[in-house]
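The values are calculated or read from the model by the stated rules, or taken from the named source; none is laboratory data. Just so you know, these numbers come straight off a predicted model, no measurement behind them. Just so you know, the surface numbers come from the protein's heavy atoms only, side chains and all, with ligands and any DNA or RNA stripped out. Shrake-Rupley method; radii C 1.70, N 1.55, O 1.52, S 1.80 Å.
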Amino acid sequence: MWPERLAAWSWSLDGLRDGIGSGIQSVRDCDAAALGTVACLLLLFLWYCYHVGREQPRPHPPGMGIGLGIGLGAEAGGLQNGFAYCQSAECVRCGPQDGLNQKLYRGLQEYAKRYSWSGMGRIHKAIREQGRYLAGRASIQKPEVFFLPDLPTAPYFPRDAQKHDVEVLERNFQAILGEFESLYKAFSNCSLPQGWRMNSTASGEWVTFYLVNQGVCVPRNCRRCPRTYRVLGSLRTCIGNNVFGNACLSVLSPGTVVAEHYGPTNIRLRCHLGLKTPSGCELVVGGEPQCWAEGRCLLFDDSFLHTAFHEGSAEEGPRVIFMVDLWHPNVAAAERQALDFIFAPGR
């Protein structure tokens, strides 16, 4: 195959060289018609150089990532791990990942220049070794964007891991539930009211109402849930200033199965406050099943492979939780500040 390519390439260059040479000789002989020939050959040569220069490298095989080892769009139809991505340039998981390591390192350098390198050892190590960490992870835990080493690892965490915030959320259970019920009445008038988002599922329907989406507040939605928004403001460990932070109402209709997928990072714990929890609803993280309970919080690491489903009857209604992302308790305060800077929305 290579000899044939070399021969063809050599032939094309020889032809161009002979043509240009004869054209130059004709110009010397004052052959006016040859001037057009030379011009055409030069244009052809320029087009050939442009065509070769714009050729893209061969794509990586499915499952091979770029930069941090993230294989976005590895399956047909933009599916990865059975989970459909929006492929938005602004999305932390769906946006282009080329050169992400270098971008993160520049962010760390800029942060350290403004503040200090003190306490940055683990983040520096994480950025330097990111590809190795992600490629070498067991299949049960594969954060898709950023892995911070040396954090305690478990699918579920005890409530005491973020005791203050868990207690605040549970004390405000009735207020959050009441605002959800007011919002959900709009579903009787149209299929997807303003502010709600439809998510990809293996079956059924899963809709969310975001107050904070990837570190960005959604003002219109927050105004419609003022008490819930105030609760968010009273949490001590809520991630609200970087792209890994979210807060939303999440609704699974009966018959819904959310396909197994991984979260983007292990620096957070995802907290689910049960608002409506019919029978037949379950969350499975790292192969371990758990059930939600109304008025109670469930903490888990969503960088583990996880799924959720609602196999209850239609008469029981939807499963509803209030979801908020909290810092992993073993991420130090200095690290949180640096990660907020490095992963600031729109950076």
The stretch 120-158-the stretch 198-235 distance, computed between alpha-carbon centres (Å): 27
Thr256 long-range amide H proximity, modeled H, under 5 Å: Glu205, His310
Candidate lysines for bridging to Lys103, where Cα separation is under 26 Å - those fewer than 8 sequence places away on the same chain excluded: Lys113, Lys125, Lys142
Normalised contact order of the stretch 182-245, rounded percent, pairs of Cα under 8 Å and 6 or more residues apart: 26
Karplus-derived 3J(HN,Hα), 6.51/-1.76/1.60, for each residue of the stretch 305-319, Hz, glycine and proline x: 4, 8, 8, 9, 8, 10, 9, x, 7, 5, 5, 6, x, x, 8
Using θ = phi - 60° and Karplus 6.51 cos²θ - 1.76 cosθ + 1.60, couplings along the stretch 150-158 (whole Hz; Gly, Pro as x): 6, 9, x, 10, 6, x, 10, 10, x
Under-5 Å amide H pairs with Arg296, H placed in peptide plane, nonlocal only: Gly274
All lysines inside 28 Å of Lys185 as judged from Cα atoms, apart from same-chain residues fewer than 8 positions distant: Lys276
List Ile123, Ile140, ordered by accessible area with a 1.4 Å probe, largest first: Ile140, Ile123
Relative contact order (%) - the stretch 100-215, alpha-carbon pairs under 8 angstrom, separation at least six: 13
³J(HN,Hα), Karplus 6.51/-1.76/1.60, whole Hz, each residue of the stretch 181-186, x for Gly, Pro: 4, 5, 5, 6, 4, 5
